[in-house]
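Nothing in this text is a laboratory measurement; each read-out follows from the coordinates by a stated rule. From a predicted model like this one, the values you see are computed outputs, not experimental measurements. When we count neighbours, we look across all protein chains shown, and the Cβ atoms used for this are built from the backbone with ideal geometry, even at glycine.
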Amino acid sequence: MSLVIFLVTLGLTLATGVPVAFALIICAVTMGISLDLFDPQIISQRFIVGANNFSLLAIPFFLLAGELMNAGGLSQRIIKFAMAFVGHLKGGLGVVAIFAAVILASLSGSAAADTAALISILLPMMRASGHDEARSVGLMASGGIIAPIIPPSIAYIIFGVATNLSISQLFMAGIVPGAMMGLGALAVWMFLARRENVMPLPRQDWPARIAALKGAAWALGLPVIILGGIRFGVVTPTEAAVVAAVYALLVGFFVYRELKLSMLFDVFRNAAYTTAVVMLLAAAALTTAWFISIADLSGIVLDLVGPLVDHPKILLLVIMALILIIGTMMDMGPTILILAPVLLPVVEEAGIDPIYFGVLFVINTAIGLITPPVGIVLSVASGVSGISMHRVAMGAMPFLAAQVLVLVLLVLFPQLVLWPLSWLQ
């Protein structure tokens, strides 16, 4: 009965346009009433406890670091660096987009910010070269969703907080799958680019490449500091987020000198706005998660999928299909916060590694960012490029198919995640 109450309440509130955070609070209230546990003090206390989490402190600092990178010129130099080394290849600008997307993903965990940076810089050049603009924007949108998969990732932080898993291990486990997502999109682009009669950029000589490398060196140093610090236990993910923000601030001010005092208000305001949205959502979802644990919804779900527990791969495929469908209608954060606490005990009962499942879960929700009708990254890509969302979605379809294929391969071959994780640990 509790599962039905939860699903009906959530479905009705979202269908009537209630914001997700408030929909989750309403779910908490209705579940509290059904369990005879409703008390406004319990709701308010769980809400405060949900937000009062040290690991969540990483979110505002990583968001701030991303804003500082875009304002301070770090993102632009990464794209110029990619252009110097791979821009001359067939379909070179698309190769640059994916190459830069992977590097930007290791700087900022924001898919929307990375997509906006790529489109604003590369789309005018791709239009001028004669590339199909909808396909080009679709490529950059599919490249942007690599950001939540390669660390540092806000999605892994949310997943770790929701499930009490190690955020550091989730970070390490996401490196190889993120690179595979980039290679999948790149392979499709190279195949499609062969059919286009587009002249590549001229090959740059080594002095120009070295100059581009020097220009991007400070930006390239940031992922080394973040991942190296976490890998060797020098900093926690939260401390790494603070280091990233301070590093981006200092490089933008004193090295690249593109960041001005007059820009800081907008930078901090944008980061604060996004942080407020995420933290409100996290507090509301963790409040609902407390009632979910009291109602033992995981046990109810486990009973429903009991026959599949002895077949882990089939169980994973069913769960991934479910998340993929939900991801077309709901943003990444709510999907993680609502479903992860319910599904994790089920997959653990089936003997599936929880860190491995966390990576698959985040990849799946990242794919949802470029699937209509919601598709947050599709909306960003459409707004920045000026192309209709329908055309952007159609342009992204080949790359979306490739990334779904990568997800299926990761389900069928867990070693693709677990072997690199054991080495990186």
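Overview of results
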| quantity | calculated |
| --- | --- |
| Modelled FRET efficiency - R0 25 Å, I326 with E348, Cβ distances, 0.05 increments | 0.75 |
| Taking V346, V377, V305 and counting other C-beta atoms within 10 Å, the order from fewest to most | V305, V346, V377 |
| Partners for K90 among lysines (Cα-Cα distance below 19 Å; same-chain residues under 8 apart left out) | K80 |
| Rounded if a/c under 1.5, otherwise prolate or oblate - region 2-424, Cα gyration tensor axes | prolate |
| Using θ = phi - 60° and Karplus 6.51 cos²θ - 1.76 cosθ + 1.60, couplings along region 169-177 (whole Hz; Gly, Pro as x) | 5, 4, 4, 5, 5, x, 5, 5, x |
| Paramagnetic reach from F253 (point 7 Å along Cα→Cβ, amide N under 18 Å) across region 58-76 | 61-62, 64-74 |
| Sorted by Cβ neighbour density within 10 Å, fewest at the top, the residues M69, M397 | M397, M69 |
| Full-stretch length increase - L213, R194 - with 0.36 nm per residue and alpha-carbon distance subtracted | 4.0 nm |
| Fewest-first ranking of Y256, Y156, using other Cβ atoms within 10 Å as the exposure measure | Y256, Y156 |
| Potential lengthening between A128 and S388 on full extension [0.36 nm per residue; Cα-Cα distance subtracted] | 91.7 nm |
| Approximate spin-label separation L304-D39, in nm, with each point projected 7 Å along Cα-to-Cβ | 3.0 |
